[in-house]
Amino acid sequence: MSGTVTLSNPSAKTLDDIDFGLDLRVEIKRLCAEKNAIILAHYYQDGEIQDLADFVGDSLDLSRKAAATNADMILFSGVTFMAEVAKILSPNKTVIVPDADAGCSLEDSCQTAEFKAWRDAHPDHISLTYVNCSAEVKALSDVIVTSSSAEHIINNLPKDQPILFAPDRHLGAFLKRKTGRDDMVLWPGTCIVHEQFSAREISRLKTRNPTALVASHPECPDSIVEVSDYVGSTSGILNFVNDNPATTFIVATEQNILHQMEKDTPNKTFLAAPGADGSCNCAICPYMALNTLEKIYLALVNEGPRVEMPEDLRMGALKPLERMLELAPTAKSDQNAA
Ligand code: 13P
Ligand code: SF4
């Protein structure tokens, strides 16, 4: 559990207290209206959560939405670092999460003390850090980026400016190639979901579906990027499959994104990219999967678990996030209303 997530008090309601007869969707909507709360959900959330959310998006969309909402309370259905961003941008709002343990392997790979030592060892480098990191690591960074904003931000840095990029080495390597920046030093973190896809199994699936196009997320290793027709953020992938005239797509990212695709273009076919054993179960993020309708209901009843942090940490993390929001392009329809 992250240090910024405070558990509900001991008298809080638990899963055992939920009445079986309750219509959770109706109750969640009622509680949101009563508490002036909104639900933000990432594309990797289960389909029933996406359908219930007020807003579904990628990391950048959700950061923007968190900054702009007038709600008193934000229920963030995603992972902790995303809810932290909401709190950093909206300190006067109550930010709650369905499950206090919804972390991220990239965040875990990049601990504050090691990151600080890395920065200290490269005093001439600007530090660009992927949003999938803790508030502490954000506070030690110069600019935060997301998969949909990173390339644009790097291209606008002076050409002779060396860069430190953390924590995803695959996204870093992809950006290095795309931007032609040789002077990027990469932190060695990976996403446990995206590193499990198999290029060999994807190619076998393509042999059986010869017209299929492959769309992947840049958190995937190089071997997957090489067999892809498109590489981009979750919203980028959604735009690609919506706009492309092809009718079959192999999708190499967390498989709950297929829910939005099937909603947007029900006449197209979407195949989840397989892992090394030929199955696609590896494409479920175990952290995102901790969130359920029951826990969303309980979080609204209990007004917790809550994201809270000391003001100096918040201010430290706010600066590089604001730089990202200033520098990031407002891409065409990188937002999908639920
Ligand atoms: P985006 O939605 O920004 O593409 O990020 C993917 C991801 O892994 C979030 O954890
Ligand atoms: Fe982290 Fe990977 Fe899960 Fe995204 S999919 S939250 S990067 S573990």
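The values are calculated or read from the model by the stated rules, or taken from the named source; none is laboratory data. Just so we're clear, the structure is a prediction, and the values are computed from it rather than from any experiment. Reconstructed Cβ throughout: ideal geometry from the backbone, glycine too, with neighbour counts over all protein chains shown. Heavy atoms of the whole protein, side chains included, go into the accessibility calculation; ligands, DNA and RNA do not. Shrake-Rupley method; radii C 1.70, N 1.55, O 1.52, S 1.80 Å.
Here the chain is treated with +1 on each Lys and Arg Cβ and -1 on each Asp and Glu Cβ, and its dipole about the Cα centre works out to around 660 debye.
DSSP assigns beta bridges within the stretch 1-149; of those with both partners inside it, close to 0 percent run antiparallel. Annotation: amide H-H contacts under 5 Å for VAL95 (H modelled 1.01 Å from N, sequence separation of 5 or more, or interchain): ILE74, VAL307.
Counting pairs of Cα atoms in the stretch 33-80, how many percent are more than 13 Å apart? It would help to have the intermediate numbers written out before the result.
On the way: 565 of 1128 pairs.
Pairs farther apart than 13 Å: 50 percent.
Compute, for the stretch 99-147, the length of the dipole vector about the Cα centre, with Cβ point charges of +1 (Lys, Arg) and -1 (Asp, Glu) only. Units Debye, rounded to 20. All intermediate terms of the calculation are to be shown ahead of the outcome.
Working: 3 positive and 9 negative charges, 38 e Å.
Charge dipole of the stretch 99-147: 180 debye, to the nearest 20.
Remark: the stretch 217-234, residue by residue, has Karplus-estimated 3J(HN,Hα) of 8, x, 6, 6, x, 3, 4, 7, 4, 5, 9, 9, 8, 8, 10, x, 5, 4 Hz, where x stands for each Gly or Pro and the curve is 6.51 cos²θ - 1.76 cosθ + 1.60 at θ = phi - 60°.
Just order 226-237, 183-194 by mean Cβ neighbour count inside 10 Å, highest at the front, would you? Write down the numbers at each step before the final one.
Values: 226-237: 20.8, 183-194: 19.2.
The peptides rank, most packed first, as 226-237, 183-194.
On a 21 Å Cα-Cα criterion, which of the cross-link pairs LYS35/LYS65; LYS35/LYS295; LYS87/LYS263; LYS29/LYS65 come out too long? Where the Cα-Cα span goes over 21 Å, the pairs concerned are LYS87/LYS263. Each part reduced to its alpha carbon centroid, the stretch 159-233 and the stretch 9-55 end up 35 Å apart. The Cα atoms of the stretch 73-212 cover 53, 43, 26 Å along the three principal axes, with the biggest extent listed first. Translational diffusion of the chain was estimated from the Stokes-Einstein equation, with Rh taken as the Kirkwood radius over Cα pairs; at 25 °C and 0.890 mPa s the coefficient is 120 µm²/s.
Run through the DSSP bridge list for the stretch 150-307 and note the antiparallel percent, rounded to the nearest 5. Don't skip to the end; give the middle numbers.
Values: 1 of 15 bridges.
Bridges in the stretch 150-307 that DSSP calls antiparallel: roughly 5 percent.
Using R0 = 35 Å, the C-beta based FRET efficiency linking THR14 and ASN92 works out to 0.75.
Computed on the Cα atoms alone, the convex hull of the stretch 1-49 gives a volume of 151 cubic angstrom per residue.
Across the accessible surface of the chain, with the other protein chains kept in place and a 1.4 Å probe, carbon and sulfur atoms take up 50 percent.
Here LYS268 is the anchor, and the lysines within straight C-alpha reach of less than 23 Å, apart from those fewer than 8 places off in the same chain, are LYS206, LYS332.
Measuring only protein heavy atoms, the 1.4 Å probe finds SER148 accessible over about 40 Å². Cα centroids of the stretch 275-316 and the stretch 97-156: 19 Å apart. Note on the chain: dipole from Cβ charges, positive end direction compared against GLY189, VAL56, THR269; the farthest Cα belongs to THR269.
With θ taken as phi - 60° and the Karplus curve 6.51 cos²θ - 1.76 cosθ + 1.60 applied, the whole-hertz 3J(HN,Hα) list for the stretch 82-89 is 6, 5, 4, 4, 4, 5, 4, 7 Hz, x standing for glycine and proline.
Any idea of the accessible area per residue across the chain, 1.4 Å probe, to the nearest Å²?
41
Counted over the chain, the DSSP beta bridges are approximately 15% antiparallel. A simple charge model with +1 on the Cβ of Lys and Arg, -1 on the Cβ of Asp and Glu and nothing else charged puts the dipole of the stretch 104-237 at about 460 debye relative to its Cα centre.
For the stretch 136-274, the share of alpha carbon pairs falling in successive 10 Å distance bins from zero is 12, 40, 31, 15, 3 percent.
Summing charges over all other residues whose Cβ lies under 9 Å from the Cβ of GLY189, with Lys and Arg as +1 and Asp and Glu as -1, gives -2.
Across the options PRO91, PRO123, LEU106, the greatest Cα extent toward the positive end of the charge dipole of the stretch 81-132 (unit charges at beta carbon of Lys, Arg, Asp, Glu) belongs to PRO91. Out of ALA283, MET82, PHE240, whose Cα points farthest toward the positive end of the dipole of the chain (charges: +1 Lys, Arg; -1 Asp, Glu; placed on Cβ)? About the Cα centre, the residue reaching furthest to the positive side is PHE240. Divided by 2.2 N^0.38 Å, where N counts the residues, the Cα radius of gyration of the stretch 41-144 comes to 1.15. Using the average count of surrounding beta-carbon atoms within 10 Å as a protection proxy, the listed peptides 107-120, 88-101, 128-141 rank, highest first, as 128-141, 88-101, 107-120. Relative to its residue count, the stretch 94-145 spans a Cα convex hull of 91 Å³ per residue. Which percent of the Cα-Cα distances in the stretch 200-338 go past 18 Å? Of the Cα pairs, 66 percent sit more than 18 Å apart.
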